[in-house]
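The values are calculated or read from the model by the stated rules, or taken from the named source; none is laboratory data. Computed from a predicted structure; not experimentally measured. Cβ placement follows ideal geometry from the backbone for every residue including glycine, while neighbour counts extend to all protein chains displayed. The protein model used for the area step is the full one, side chains on, heavy atoms only, and it has no ligands, DNA or RNA in it. Shrake-Rupley method; radii C 1.70, N 1.55, O 1.52, S 1.80 Å.
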Amino acid sequence: AQACRDAYPRWVAWPLWLFGEIAISATDLAGIIGTAIGLNLLFGIPLEIGVLITALDVFLILALQALGFRWIEAFVVTLLGVIAFCFLFQIVLADPDWGGVILGFIPRTEIVTNPEMLYIALGIIGATVMPHNLYLHSAIVQTRAYGETEAEKREALRFATIDSTVALMLALLINASILILAAASFHKAGHTDVAELGQAHTLLQPLLGSGLAPTLFGIALLACGLNSTVTATLAGQIVMEGFLHLRLPNWARRLVTRGIAIVPVVIVTAIYGERGTSQLLVLSQVILSMQLPFAVIPLVRFVSDRRKMGDLVIPRGVAVLAWIVAGIIVALNVKLLFETFFG
């Protein structure tokens, strides 16, 4: 974030900061909804009350930060492990067609031609990559005890690459598991109208034949919400300090962002109920995809610039591939916007 502020003119840097904050708010929105629905499914707490309870997670973040950054990393890894176990257990019960699963990873042209499929696909991209995590994983490098020589910096970058790759693969695994579970459980049984998480939770036990499946589904949702909360808090602090050199107390930063995110969720939940909340959850992931280029393009520009990176600049082939991927993301988002407003 500080590199963006120093490298770009003010009229470019401030919009980048603004889009970064919007992305973090969208993630916070998803965390609130996921946590509230998880509390509702596991303990029967009304969604409106569950949304308000999520404001209290500031104390969890403060406690972890007081113990040190490694405790936060351990907490996130534990949550990811819980989520992965819950969904993988349910997938084993669902027994999907693994041949069809593998073929499902191959992109189809219908994703681009069908606006509804494109909307969901971009939501999956936003939920998997999450633009604020590009800031977060870059900042995590600064918490490591690396030296000043080129060899030591390369070693730090190598471990940072492994860290980011593993995190993205886990995110891909979790998001893919949700789709596989839905297809194997609901679509195969003819339940093609499942649109709410509560409805999915109710149908899992009769379809999978296990009373444990709905509980694991609720635990996974609760863990997803908590994980989004932790990463959004850290990323927001990093972005604010980097762009504005503004250091707010952690509790103040958390309550401000959480308060901003809680308001629309409470309004939508009160007016539209669970269906509206589920739609808002998907929309928040699409917003993350929309913000992705504002994090990816500066990142690719920096790491491919020899004047900034020196001998640590990325290879030309990697740079070309990165620009192609960034271009595809931009093109898909522009097409979705065009279809939404003019289609």
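Under the simplified labelling scheme, the VAL334-LEU168 pair shows an inter-label distance of 2.3 nm, with each label point 7 Å from Cα along Cα→Cβ.
With the simple spin-label model, which puts each label point 7 Å out from Cα in the Cβ direction, the ARG307 to ALA66 separation comes to 4.7 nm.
Evaluated on the stretch 39-119, the Kirkwood hydrodynamic radius is 17.0 Å, with distances taken between all distinct Cα atoms. Within the accessible area of the stretch 43-171, the carbon and sulfur atoms contribute 72%, probe 1.4 Å, all protein chains present. Between THR109 and LEU179, residue separation times 0.36 nm minus the direct Cα-Cα distance comes to 23.3 nm.
For a Förster distance of 25 Å, can you work out the FRET efficiency between the beta-carbons of ARG316 and ALA151, rounded to the nearest 0.05? Efficiency at R0 = 25 Å is approximately 0.65.
Overall dimensions of the stretch 295-335, expressed as equivalent-ellipsoid semi-axes from the Cα gyration tensor (√(5λ), whole Å, largest first), are 22, 10, 5.
Between ASP97 and ARG144, what length in nm is gained on full extension when 0.36 nm per residue of separation is reduced by their alpha carbon distance?
Values: separation 47, 0.36 × 47 = 16.92 nm, distance 4.31 nm.
Taking 0.36 nm per residue and subtracting the Cα distance, the gain is 12.6 nm.
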